[in-house]
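Undergrad: Quick one: this structure, given as structure tokens, is what I'll be asking you about.
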Amino acid sequence: MGRTLHFNITKDEGENFTRKELEHIHNTSEFYNSDDLLNSINKAHKVNLKELWSCENFWLSPVGFCPNWNFPLFRNKEADFIWNIINNEEARLEAKGLHYFDVVEKLVKTGMVEYEGDGLKTKTIRGFTKTQGNEFNSLLVLKALITISKLVSNATIYIYDEGEYLLCPLHIKKGRALPLIEKMKEAMESYALRLILAEKSKYNIIPKLKHAKDFTEIFRRDLGLNNNYGELDIKHIDNKLRNLKLIEKALLETGITKDGDHKLYHYNIANLPLEKWFDPEIFTRKVVAENFLGYKMGVDVIMDGINGEGFGLTDEDSEKKSYEMLAKINQLLGMNDNNSNLKLRILGED
């Protein structure tokens, strides 16, 4: 489990993507996983990275496939055997210079594989990339989506960050972005609801409500009125308000109010025509690439990822916080208690 950027691209007017548009999306994904991009980054920053992506790579493509497990040759065979045959056939077809889409289509026709999802007939393509705390990778995800938005101009991209790189969810179209402030507001309201209903939260108001005790436990739990989230605080909401202030500052710096003070009203921002949308990167935290090149998956990175899913430790000393959290976990497990009878067993031990 780690911090993730979620995104999707939806064709306007409910149409299916054309073959050319789908190729643009697929080819952009290939470029952002290519040696060309890796080499250019190494040259620009005078480093020698072996891999560009430290957790998961960006990939957004409409065409995926899985084995047809009922294919006669595959029956009662191990998965490794099946994938080896598929991979060899895929390599043979690619050697003929076929586009990936045509390769998959031919594999489907053999009966060896089946399309995942709708294949080439689709109106929406969804994806996600786990970046943990590597904000340079988060930046690359955004850059890839901006590239796609310019190549597929009659579609709209939605991107949401569980962490703190994006200040709020965005719509991206033709290289321009609209801040979805309403989505941020909904997220704060959702968390506030959890805060006041969570059983162990000090802000829980359930005991003070006369009629809350009239419901059965299962009914309350089913409605989310008995959420056992443990100890919650208001930090998450405060961080969202901080981001909202940064968004306001970014909007003001664009000169959005130059034609009148009313321009800054949320209603006006949400309904701006495309030609008045903004540079996507004004709604992000600034990334210094050198801080993330050669990024390692240490304990601080892992905890950055976990906390990035809602508690945004990216502005703090994540490594220190991580070790404090691990120490607390150890204490709860009784590992620091000499009188504890608890013995942890490592997986694989007798």
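The values are calculated or read from the model by the stated rules, or taken from the named source; none is laboratory data. As the structure is a prediction and not an experimental result, all values here were calculated from the model. With ideal geometry, Cβ positions are generated from the backbone for all residues, glycine too; neighbour counts draw on all protein chains shown.
Undergrad: Output the residue which, of all residues in segment 246-270 that are assigned to a loop (DSSP other than H, G, I, E, B) and either surrounded by 12 or more Cβ atoms within 10 Å (Cβ to Cβ) or on the phi < 0 side of the Ramachandran plot (or both), is modelled with the highest pLDDT.
TA: Of the residues in segment 246-270, the ones assigned to a loop (DSSP other than H, G, I, E, B) are 254-260, 265.
Right, trim to either surrounded by 12 or more Cβ atoms within 10 Å (Cβ to Cβ) or on the phi < 0 side of the Ramachandran plot (or both) and you get 254, 256-259, 265.
Numbers: THR254: 90, ILE256: 84, THR257: 77, LYS258: 71, ASP259: 67, TYR265: 86.
Checked segment 246-270; the qualifying residue modelled with the highest pLDDT is THR254.
Undergrad: To continue, here is another question. Only residues that are within 11 Å of LEU167 (Cβ to Cβ) and touching a Phe, Trp or Tyr at 6+ places or on another chain (Cβ under 8 Å): list them for segment 275-295, please.
TA: THR284, ARG285
Undergrad: Collect the residues in segment 104-151 that are under 16 Å from PHE31 (Cα atoms), aliphatic (A, V, I, L, M) and surrounded by 19 or more Cβ atoms within 10 Å (Cβ to Cβ), keeping them in residue-number order.
TA: Of everything in segment 104-151, those that are under 16 Å from PHE31 (Cα atoms), aliphatic (A, V, I, L, M) and surrounded by 19 or more Cβ atoms within 10 Å (Cβ to Cβ) turn out to be LEU139, LEU140, VAL141, LEU142, ALA144, LEU145, ILE146, ILE148.
Undergrad: Within the set of pairs 6+ apart or on separate chains, which have a first residue in segment 11-34 that is on the phi < 0 side of the Ramachandran plot and free of Cβ contacts under 8 Å to residues at least 60 places away in the same chain, a second that is part of a loop (DSSP other than H, G, I, E, B) and polar (S, T, N, Q), and C-beta atoms under 6 Å apart?
TA: Filtered contacts from segment 11-34: ASN33/ASN57.
Undergrad: Of the residues in segment 113-137, how many are in contact with a Ser or Thr (Cβ under 8 Å, 6 or more places away or on another chain) and more than 21 Å from PHE58 (Cβ to Cβ)?
TA: Residues flagged as in contact with a Ser or Thr (Cβ under 8 Å, 6 or more places away or on another chain) and more than 21 Å from PHE58 (Cβ to Cβ) within segment 113-137 amount to 1.
Undergrad: From (1) under 18 Å from GLU23 (Cα atoms); (2) touching a residue at least 40 places away in the same chain (Cβ under 8 Å), pick out the condition that doesn't hold for GLN132.
TA: (1)
Undergrad: Something else now. Tell me, which residue of segment 1-44 that is hydrophobic (A, V, I, L, M, F, W, C) and closer than 17 Å to LYS174 by Cβ is nearest to the chain's Cα centre (by Cα)? Explain how you work it out, then say what you get.
TA: Step one: of segment 1-44, the residues hydrophobic (A, V, I, L, M, F, W, C) are 1, 5, 7, 9, 17, 22, 25, 31, 37-38, 41, 44.
Checking the rest, the ones that are also closer than 17 Å to LYS174 by Cβ come to 7, 9, 17, 25.
On the way: PHE7: 7, ILE9: 14, PHE17: 23, ILE25: 18 Å.
Only one residue fits best here, namely PHE7.
Undergrad: To continue, here is another question. Scan segment 5-25 residue by residue and report those that are closer than 26 Å to ASN134 by Cβ and crowded, with 20+ Cβ neighbours inside 10 Å.
TA: Result: LEU5, PHE7, ILE9, ILE25.
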